[in-house]
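Take a look at this one; I'll ask things after.
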Amino acid sequence: MFGHGQFVNDFIRHALTNVSDVNVIRHFVGFPLLGAPVSLNEATVVCLDIEWWQKDSSATTELGVAELMVKGLLPTIHAENVLTSIQVAHARIMANAHLRNNFVGAGDPENFLFGQTKFVTMDEAKEVLIRTFVRPRVGGNGSLQPIILVGHAVENEFEHIQNAFGIDLQSYGSIVKVIDTQEMARKAGIRGPKGPFIGLRDLLAHFNVNINNLHMAGNDAAGTLIAAVLLALKDTLYPGTGTRKPPSVVRGCNIQNVVERAMVIGKTLQPPSWGSDTFCTRCDRDNHLRDKCLAKVSCEICRDSGVIRLFNAHKTHMTSKCLYQYQDLPPRDHLVRPLAYPQHEGPGAFTQQHDYVDLASDDDFDPALQ
Ligand SMILES: [Zn+2]
Ligand SMILES: [Zn+2]
């Protein structure tokens, strides 16, 4: 499909088959791989993270793409020159952006630490993925730039992308190596508190790095790439530490400050050209963010639910954003007494609104009113 270039990538892929993940990453951070094909130097290192709604995995909520921009330089203390070169894009999918996860440790999609969030449609998100993995090689007459793909438990991402976007990332032929930081950690003998498979938070903590808001695609993509670089360079940056935790301060420089500098630099970069800067997950307008929303909204499901708690919240969201579209309503409160309400809120508003009164606290209850 992509002519001769395809063979170049096949050649690189083949040459890297038996090369360890550590040595592949090291090639890009100052320690060239002996006997590597010259064309490996054209490759780029990309980290991908996808988040979806915990209650329905088909609802993709976020996309994070981090890329190593400095290649071939010897690393400075804590690899600061490499880590501060990481560029991260974060996209929230508009149709699903109101679906919030609430499991323990769930991330806040509104708090992207390494740059500026963009809002995209599902089609634009697909386009971002394709543009990430299908890039013409410079002077390569139609062939594609080779890509080293880094992920944390990356098999899940491939599967999710196939299901959600109908694309098989590996079918383009550009990915020449897939590197899993969870696997790198296992091989390095760095174990999680609950066994051999370490979570991203614990892996970063091993290297004395704390990223405040993980389980958020942009921050996870950045954190995973940071972890990959530190895993690849640990014996160079922190010689003799083996599987033990390395020092957080080396020659007066604290790794956490390095990561925070990477965040500050990321915030100063031009955001990606795609997508919209603003989108309101409350009212669906694209000229403001949710915290600036003044729109009047109302949910018919909650209004008519017969549940006092939901009724009281029915003006906080639109029907289309109501979680009770996807899940059963709680049981109705034990006494429901409809009350006549004055007409309100213009054309199309309901003629009667229900108020729900708790029997136990209502001395005036009259069954005839039912
Ligand atoms: Zn709004
Ligand atoms: Zn509702």
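How about the stretch 144-198: which of its residues are closer than 17 Å to Ser57 by Cβ and among the small types (Gly, Ala, Ser)?
Answer for the stretch 144-198, where residues must be closer than 17 Å to Ser57 by Cβ and among the small types (Gly, Ala, Ser): Gly151, Ala153, Ala164, Gly166.
Another one. Give the number of residues within the stretch 123-138 that are in contact with a helix residue (DSSP H, G or I) (Cβ under 6 Å, 6 or more places away or on another chain) and over 22 Å from Leu68 (Cβ atoms).
Counting residues in the stretch 123-138 that are in contact with a helix residue (DSSP H, G or I) (Cβ under 6 Å, 6 or more places away or on another chain) and over 22 Å from Leu68 (Cβ atoms) gives 1.
In addition: For the stretch 222-240, state whether one or more residues are out of contact with any Gly (no Cβ under 7 Å at 6 or more places or on another chain), at pLDDT below 95, hydroxyl-bearing (Ser, Thr, Tyr) and within 24 Å of Phe28 (Cα to Cα).
No - not one qualifying residue is present in the stretch 222-240.
Conditions (1) modelled with pLDDT under 95; (2) more than 21 Å from the chain's Cα centre (by Cα); (3) within 16 Å of ligand 2 (Cβ to nearest atom); (4) assigned to a loop (DSSP other than H, G, I, E, B), marked per residue:
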{"site": "Glu260", "(1), (2), (3), (4)": "no, no, no, no"}
{"site": "Tyr324", "(1), (2), (3), (4)": "yes, yes, yes, no"}
{"site": "Pro330", "(1), (2), (3), (4)": "yes, yes, yes, yes"}
{"site": "Leu335", "(1), (2), (3), (4)": "yes, yes, no, yes"}
{"site": "Tyr341", "(1), (2), (3), (4)": "yes, yes, no, yes"}
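Same structure again: For the stretch 280-307: of the residues being outside any loop (DSSP other than H, G, I, E, B) and near ligand 1 (Cβ under 9 Å from one of its atoms), which is farthest from Ala97 (Cα to Cα)?
Lys292
Moving on to the next point. For the stretch 71-96, enumerate the residues that are surrounded by fewer than 23 Cβ atoms within 10 Å (Cβ to Cβ) and under 22 Å from Leu144 (Cβ atoms).
Those that are surrounded by fewer than 23 Cβ atoms within 10 Å (Cβ to Cβ) and under 22 Å from Leu144 (Cβ atoms): Lys71, Gly72, Gln87.
Yes/no matrix, rows are residues, columns are (1) touching an Asp or Glu at 6+ places or on another chain (Cβ under 7 Å); (2) assigned to a loop (DSSP other than H, G, I, E, B); (3) within 16 Å of ligand 1 (Cβ to nearest atom):
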residue	(1), (2), (3)
Arg186	no, no, no
Ile198	no, yes, no
Leu230	no, no, no
Thr243	no, yes, no
Thr278	yes, yes, yes
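Can you tell which of Gly140, Gly107 is in a loop (DSSP other than H, G, I, E, B), at pLDDT below 95 and under 30 Å from Thr17 (Cβ atoms)? It would help to see each step written out before you state the result.
Numbers: Gly107 fails: under 30 Å from Thr17 (Cβ atoms).
Just one listed residue meets the conditions, Gly140.
The values are calculated or read from the model by the stated rules, or taken from the named source; none is laboratory data. Computed from a predicted structure; not experimentally measured. For neighbour counting, all protein chains shown are included, and Cβ atoms are generated from backbone atoms with ideal geometry for every residue, glycine included.
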